[in-house]
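Participant: Attaching a single structure in structure tokens format; questions to follow.
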Amino acid sequence: MSDTLQRFLFEHAPIRGEIVQIEAAWRSVLEHHDYPPALRVILGEMMAAAALLAATLKFDGALIMQIQGSGPVRLLVVECTSSHHMRATAKWSGELPGGGLRDLVGDGRFVISLVPEDGRQSYQGVVDLEGTSVAQILEHYMQHSEQLETRLWLACDDTRAAGLLLQKLPQPENADPDAWPRALHLAATLKPGELLGLPAQQMLHRLYHQEDLRLFEPRPVSFRCSCSRDRVAGMLRMIGYDEVKTILHERGAIDVNCEFCNRKYQFDSVDAEQVFAAEYATRPGPTRH
């Protein structure tokens, strides 16, 4: 199974759908961090959900999905760009208890941010956590923030993550009123093993062989982290020269680890001077009288 997104439409009903199956990108996330098993399931399902939702949007940039919790799992973050490049990370403390998502996360917030790549203002939507699964939380968000009826089926194991999304589009006057309930009923018969293992076209035939579907070309999904030494340098500029010099005096060097890919960046005093050299070169000199 390759890492792909498969879009489809019901020809005679106002329903659209997406199937995502992630294998290599999911393995890349697991290679960079040793996540506890219970946490892997949530993070993998969030990756599938983020890819599905990003695929329905028409914009150039990144969708960032976060669950911020009050439990032992404090934060889960998944990013998916409009080019379908993905990365993910999580923060937790101590031994994680057994149970479901709410046992690990507790109460908290669900946040979706859309960050345009052209530098325009970002959009952020925030809702309280409602539901006991990633699918239920996102369905609640879409219903209350976007007023778009959306249903998801998600699955994850140690090697793969996958998901199916259905969205109900505005109803024309002559639409079949039973089409949406029928599509949901059939999707609900899908087993996690089928979602993870069946090729997308075979899955759609299994569910909707009596429906007239339009399938689009599959799009690739891949793991890619956007961290770079230049981005870390930009962060240091935001901290400011004096603060950076203080840290260097105390520690000898500034070490920064990317929370997504675990890549390490180190800046010593010479590196720091180079970071701020361009800024000083453009500053006006002292006024002479």
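The values are calculated or read from the model by the stated rules, or taken from the named source; none is laboratory data. Note that the structure is predicted; figures quoted are calculated from it, not measured. Quick reminder, even Gly has a Cβ in these numbers, built from the backbone with ideal geometry, and neighbours come from all protein chains shown. Just the protein is used for accessible areas: all its heavy atoms, side chains included, with ligands, DNA and RNA removed. Shrake-Rupley method; radii C 1.70, N 1.55, O 1.52, S 1.80 Å.
Participant: Which Cys residues of the chain have no other Cys Cβ less than 4.7 Å away and so no disulfide-compatible partner by this rule?
Facilitator: Cys80, Cys156
Participant: So if R0 is 51 Å, what FRET efficiency would Gln210 and Asp268 give, r being the distance between their Cβ atoms, rounded to the nearest 0.05?
Facilitator: Working: r = 67 Å, r/R0 = 1.31.
Efficiency computed from Cβ-Cβ geometry: 0.15.
Participant: In whole percent, how big is the carbon plus sulfur part of the accessible area of the chain, probe 1.4 Å, protein atoms only? Write out the running numbers ahead of the final one.
Facilitator: Values: 7380 of 15190 Å².
Here it works out to 49 percent.
Participant: Applying the Karplus parametrisation 6.51 cos²θ - 1.76 cosθ + 1.60 with θ = phi - 60° to the phi angles of the stretch 205-219, what ³J(HN,Hα) value in whole Hz is obtained for each residue in order, glycine and proline being reported as x?
Facilitator: Using θ = phi - 60°, the values come out as 5, 4, 8, 10, 5, 8, 9, 9, 10, 10, 9, 9, 5, x, 10 Hz.
Participant: Counting heavy atoms of the protein chains only and a 1.4 Å probe, report the per residue accessible area for the stretch 1-118 as a whole number of Å².
Facilitator: 37 Å²
Participant: Then there is this: Once you have a ≥ b ≥ c as the square roots of the Cα gyration tensor eigenvalues for the stretch 116-217, tell me rounded if a/c is under 1.5, and otherwise prolate or oblate according to whether a/b is larger than b/c. Each step should come with its number before you reach the end.
Facilitator: On the way: a/c = 1.62, a/b = 1.22, b/c = 1.34.
Because a/c hits 1.5 or more and a/b fails to exceed b/c, the stretch 116-217 counts as oblate.
Participant: Give the long-range amide H neighbours of Gly71: residues separated by 5 or more places, or on another chain, with amide H under 5 Å away, using H modelled in the peptide plane at 1.01 Å from N.
Facilitator: Amide H neighbours of Gly71, under 5 Å, 5+ apart: Gly106, Asp107.
Participant: Taking DSSP loops as anything outside H, G, I, E and B, show the longest stretch in the chain free of trypsin sites (Lys or Arg not before Pro) there with at most 12 other beta carbons within 10 Å. Mind showing how you got there, number by number?
Facilitator: Numbers: sites that count: Lys58, Arg120, Arg288.
For trypsin sites (Lys or Arg not before Pro) (loop position, at most 12 other Cβ atoms within 10 Å), the longest site-free span of the chain is 121-287.
Participant: What accessible area per residue comes out for the stretch 189-263, rounded to a whole number of Å², with a 1.4 Å probe? Each step should come with its number before you reach the end.
Facilitator: On the way: 4880 Å² over 75 residues.
Per residue, the stretch 189-263 has 65 Å² of solvent-accessible surface.
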